[in-house]
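Presented below is the structure to which this report refers.
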Amino acid sequence: MTPLIQLPALTLRDRIHSGQLTSREVVEAHIGRIETVNPTINAVVRTRYDLARQEADAADARIARDPSDLPPWLGVPCTVKEHFELEGFPQTGGLVRRKDRIATRDATAIRRMRRAGMVILGTTNVPEGLTWYESYNKIYGRTRNPWDLDRTAGGSSGGEGAILAAGGSPIGLAGDTGGSIRMPCVFNGTVGHKSSSHLVPHTGTWPDSTQGLISKYKCLGPMGRTVADVRALLPILSGPDGEDPNTVSCPDLDPARVDLGNTRVYWFADNGIVSPDDDTAEAVERATSALRERGFQVGHWRPERIKRSLEVWAFGLGHGTDTTFADTLADFSEPVRLGTQLLRWPLRRSDHIGPSLGLATLEKLVSRFSGHGEAMLQLRLDFQREVEDKLGGNAVLICPSFHRAAPRHRWDCLAGTLGFSYSGVINALELPATAVPTGLGSRTGLPNGVQVVGRRRNDALTLAVAEQIEQALGGWRIATP
C-alpha cells in the first residue's frame, strides 16, 4: 500500500508545490486505490481519470515554470458528492427520473475548487433524493462501509465517507441537511465540518434549497482526513457568488486566533430520544477525558429542549416554501403515484427506494395536521437561544452524531432511524459542528466519533477543539475493505 494514500491533503499539497512529489504520481496513487477498493464498496459512481491525469500534468508543468505563484490547492486530487453540478457529468441525486441529466456547468463550490487547482477524480454515491442515511438508489446501487461491508457507509454523503475512509481520496466536497456529513464521518472514521448556515453557496446543487427554513438547514462543506485539511478548504468554498441570495462571508478560521486557554467544554451522551450504545457513550468519554487531560474545563450539560429535537428539525422541512419531498421525487414534472409505487416496491419493480416512498407518504399525512407553525417557530428560536446563551463565544458542546456505530444494511438502518436526531437538530439551530473520530469502539471494533458544536459563526472554535481531540486520540486511519 503506497504511503501517498495515507497522507493528509495539506501534506500532499506542500510536497507537490515544493517538488518533492508530482501531482501526477499523487493522482495515480489515488486512482489506483479507487480501482482497488471501489468494486467492493461502490463509493465512486462516475470517474474522470483521463481528465484528472491531464490536469495533474498541467499542474506539474505550472509548478516547474514558476513555483512562487501557485493556486492554493494546485495538483491535489479530490472527490465530490454526485448532487453537485460537474460539467459534462450526470447530476441525478440518485433519482431514476434524472438518470439522463448531464450538468452543463460547474456548481459554484466545484468551480472554486477548480480555480484553487484541485483535481477532481470522480463523483460519489448518494441516497435517492438525498433524504436517507444509507447511500443507495436505483441507478448506482448501494455503497458499503469499508470497515464492514455488511454495514452502511451513511448518507447522504455516504459515498464520500466511504472513499475517504478507504484512502481513495484525500479530501472531498459534501453537504449536510440533517447529519449528512457527520453521520458518514462517524460511521467511516473521517473528519467533516457542518458549517454555520449559508457559508457555501447552494448554486448548482440538487435539489434546490434557497427558500424557507430548509435553506438554513442545508450546509455544504468539506470532508477529509484531518481537521486541518477541512479547515483549510472551507474558506475556498465560502462566500457570496451573486446567485445564491443567502450566502454570507466565511468567518476567520485561523486557529492562532482561537484562545483555547479560556474554552469550556460541555457534553452529553443521551438526548432522551434514543439512548447511545456503549461504544458511542465511550466515544464521548474518550473525547472529554482527552480534553480534560489537556487542561480544558469540562462539565455535563444537556439542553432542556433537546427531547424535542425531532419536532424542531421536521417542522422546518416544508416551512416557508411550496416545495415538498413528493415534488423532489417527481423532479418537478409528472407527479409520482405513491400508491402504485408502494404496491410495486415489495416486488422490486418500483423506481424508488422504500425510505423515499415512506417519507413522501408521511409528508402527506403530516400536512393534514399542520397548524402549529407559530408555536414551532418560537420553539426553534427559544432552543437556539438556550444553546447559544450557554455556549457564548468560548464554549463548545460535545455529543454523539448518531447513537451507535454504523448499522447493518436495510432493516437495521430502518430500526435506527431516530439516531439522526443527534445531528439533525444542529442543522435546525444553524450551529457549526465538526465531526472528529475517536478511534475504534472496544466492543464492535468499528469507527466512532463525536461532534463538536458551537455558537453560530464560531466555526473556528469547533474546529480548534476537534483538532485537540484528533491529536489526543489519533484521528483518521485507513480502512482496508
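Values in this text are rule-based calculations from the coordinates and carry no lab data. All values derive from a computational prediction rather than experimental measurement. Counting neighbours? That spans all protein chains shown, and the Cβs are built from the backbone with ideal geometry, glycine included.
Amide H contacts under 5 Å for THR124: VAL45, VAL80, LYS81, GLU82, restricted to partners 5 or more places along the chain or on a different chain, H placed in the peptide plane at 1.01 Å from N. Rounded to the nearest 0.05, the FRET efficiency derived from the C-beta distance between THR2 and ALA472 at R0 = 45 Å is 0.95. Computed 3J(HN,Hα) for the stretch 128-141, one whole-Hz value per residue from the Karplus formula 6.51 cos²θ - 1.76 cosθ + 1.60 where θ = phi - 60°, is 4, x, 6, 10, 10, 9, 10, 7, 8, 7, 7, 9, 9, x, glycine and proline marked x. Using alpha carbon centroids, what distance separates the stretch 237-304 and the stretch 418-481, in Å? Centre-to-centre (Cα) distance: 8 Å. Along each principal axis, taking the top coordinate minus the bottom one, the Cα set of the chain gives 66, 55, 47 Å in descending order. Here's how it looks for VAL450: its modeled amide H is under 5 Å from those of VAL436, THR438, which are all 5 or more places away or on a different chain.
For the stretch 435-450, the Karplus equation 6.51 cos²θ - 1.76 cosθ + 1.60, evaluated at θ = phi - 60°, returns couplings of 8, 9, x, 10, x, 8, x, 6, 9, 9, x, 9, x, 9, x, 9 Hz by residue, with Gly and Pro reported as x. Scanning the chain for DSSP H helices at least 15 Å long along the axis (C-alpha atoms) with a Kyte-Doolittle mean no lower than 0.5 picks out 227-237, 354-367, 459-473.
Where both residues lie in the chain, what percent of DSSP beta bridges are antiparallel, nearest 5? Of all bridge pairs located within the chain, approximately 65 percent are antiparallel.
Only Cα pairs under 8 Å and 6+ residues apart enter the sum, and on that basis the relative contact order of the stretch 149-210 stands at 30 percent. Using only alpha carbons, the stretch 43-174 has a radius of gyration to Kirkwood radius ratio (Rg to Rh) of 1.02. With contacts taken as Cα pairs under 8 Å at a separation of at least 6 residues, the stretch 99-166 carries a relative contact order of 26 percent. Report summary: the helix-based calculation at 222 nm, which adds -39500 (n - 2.57) for every DSSP H run with n ≥ 4 and divides by the residues of the chain, gives -11000 deg cm²/dmol. Of the chymotrypsin sites (Phe, Trp or Tyr not before Pro) found in the stretch 1-97, none is in coil by DSSP with at most 16 other Cβ atoms within 10 Å of its Cβ. Extent along the principal axes, Cα only, for the stretch 99-154: 38, 27, 17 Å, with the longest axis given first. Sequence-distant contacts, meaning Cα pairs under 8 Å at least 6 residues apart, place the relative contact order of the chain at 18 percent.
The stretch between ALA415 and THR36, if pulled fully straight at 0.36 nm per residue, gains 133.2 nm over its current Cα-Cα span.
When peptides 467-479, 294-306, 163-175, 221-233 are sorted by average Cβ neighbour count within 10 Å, with the highest value leading, the order is 163-175, 221-233, 467-479, 294-306. Extending 7 Å from the Cα toward the beta-carbon at both ARG348 and ASN262 defines two label points whose distance is 6.2 nm. Subtracting the Cα-Cα distance of VAL96 and ASP254 from 0.36 nm times their residue separation leaves 52.6 nm of extension gain. For THR203, the residues 5 or more places off, or on other chains, whose built amide H falls under 5 Å of its own are THR108, ASP244.
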